[in-house]
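The values are calculated or read from the model by the stated rules, or taken from the named source; none is laboratory data. From a predicted model like this one, the values you see are computed outputs, not experimental measurements. Backbone-built Cβ (ideal geometry, glycine too); neighbour counts: all protein chains shown. Heavy atoms of the whole protein, side chains included, go into the accessibility calculation; ligands, DNA and RNA do not. Shrake-Rupley method; radii C 1.70, N 1.55, O 1.52, S 1.80 Å.
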Amino acid sequence: TSPSSHQNSQSDRRVRDPDIGRNGLQSYTLKPSDNFILKLHDQSDGGKKVEMILQKPLDREKEETVSLLLTAVDGGEPQRSGTMLIHITVLDANDNAPVFTQSIYKASIKENAVNGTLITQVSATDADKGSNGEVSYVIGNRRRSYSNLFKITQEGKILLNGPVDYEKLQIYEIDIEATDQGGLSDSSKVVIELNDVNDNSPIIRLISKTDTILESSPSDTVVAVMNVNDPDSQENGKVNCVINKNIPFAISSSAN
Ligand SMILES: *[C@@H]1O[C@H](CO)[C@@H](O)[C@H](O)[C@H]1NC(C)=O
């Protein structure tokens, strides 16, 4: 008689062979044997109870279903065997944290960009399934006064949320966090560089002036000193001073 197996539970199987002695049950094999091993228990009725024991952790992200072939052979001549196919579905556990596609994201916007402007989009992926793999985003360092000037959507879009000013700060750094529904997280950083816009006019400040001047004053006598300044950067901040042409005064620039 061939050994026959019937299932008791997922991991507890009872195999019987009505023959006795050498012709009775001899051995079992399980293939593949990557994750499970077999453990045998003799039963009082001569049968053997087989336990399938997990030896090496399963990983749903690599293998979502496992198919195993359990074979029982007897010691008879000819040797007879019984087989059973075992299908195992591996359920997801939240064993993967979200991972940002970059450890730092860089972007630039004009300092006069309007509220709501899309600055950049970030993304984190999570290998888990369902809610274990659902990622939500938040801006981390709310302690920084300026972090309220930016917001992040559930799609990872970084939006401008208030006025920025190149003349106050040129580079903003915000920490972002991606968290899955099971609480695992990753963090990254967004560096936003502002581009200057010519939004400031030059300012003339009179430092000293002479209200009267001797008619015999020599040429190049200083009659007034002023300071001209434009807070914009580079070309936008360069100032060119001119004075009426048909008057007996000229303007000259001094270092600093
Ligand atoms: C920018 O727009 C958001 C709504 O999208 C609003 O809540 C926020 O107060 C606005 N900020 C400014 C400075 O207008």
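Residues whose amide H lies under 5 Å from that of Ile119, counting only those 5 or more places away or on a different chain, are Ile158, Leu159, Leu160; hydrogens are built 1.01 Å from N in the peptide plane.
Couplings for the range 39-55, taken from phi via the Karplus curve 6.51 cos²θ - 1.76 cosθ + 1.60 with θ = phi - 60°, read 10, 9, 10, 6, 9, 4, 8, x, x, 10, 9, 10, 10, 9, 10, 6, 9 Hz in order; Gly and Pro are left as x. Sorting Ser108, Ser145 on solvent-accessible area from highest to lowest, probe radius 1.4 Å, gives Ser145, Ser108. Rolling a 1.4 Å probe over the protein heavy atoms gives the chain an accessible area of 65 Å² per residue.
Note on the chain: dipole from Cβ charges, positive end direction compared against Leu160, Ser131, Ser103; the farthest Cα belongs to Ser131. In this Cβ point-charge picture (+1 for Lys and Arg, -1 for Asp and Glu), the chain has a dipole of about 420 debye about its Cα centre.
Short-range pairs are left out: with C-alpha atoms under 8 Å and at least six residues apart, the relative contact order of the chain is 14 percent.
Treating each Cα of the chain as one equal point scatterer and applying the Debye formula with no solvent, the log10 of I(q)/I(0) at q = 0.08, 0.11, 0.16 Å⁻¹ comes out as -0.64, -0.81, -1.11. Using only the alpha carbon atoms of the range 99-195, find the Kirkwood hydrodynamic radius as the inverse mean reciprocal pair distance, in angstroms to one decimal. Mean inverse Cα-Cα distance, inverted, gives 13.7 Å. About the centre of its Cα atoms, the range 41-168 shows a dipole size close to 880 debye [charges on the beta carbon of Lys, Arg (+1) and Asp, Glu (-1) only; nearest 20 debye].
Placing a pseudo-label 7 Å from each Cα along the Cα-to-Cβ vector at Ser131 and Ser145 gives an inter-label distance of 4.1 nm.
Rounded to a whole number, what % of the accessible area of the chain do carbon and sulfur atoms account for, probe 1.4 Å? The nonpolar share, carbon plus sulfur, comes to 48 percent. Take 41-52, 241-252 and order them by the average number of nearby Cβ atoms within 10 Å per residue, most first; the result is 41-52, 241-252.
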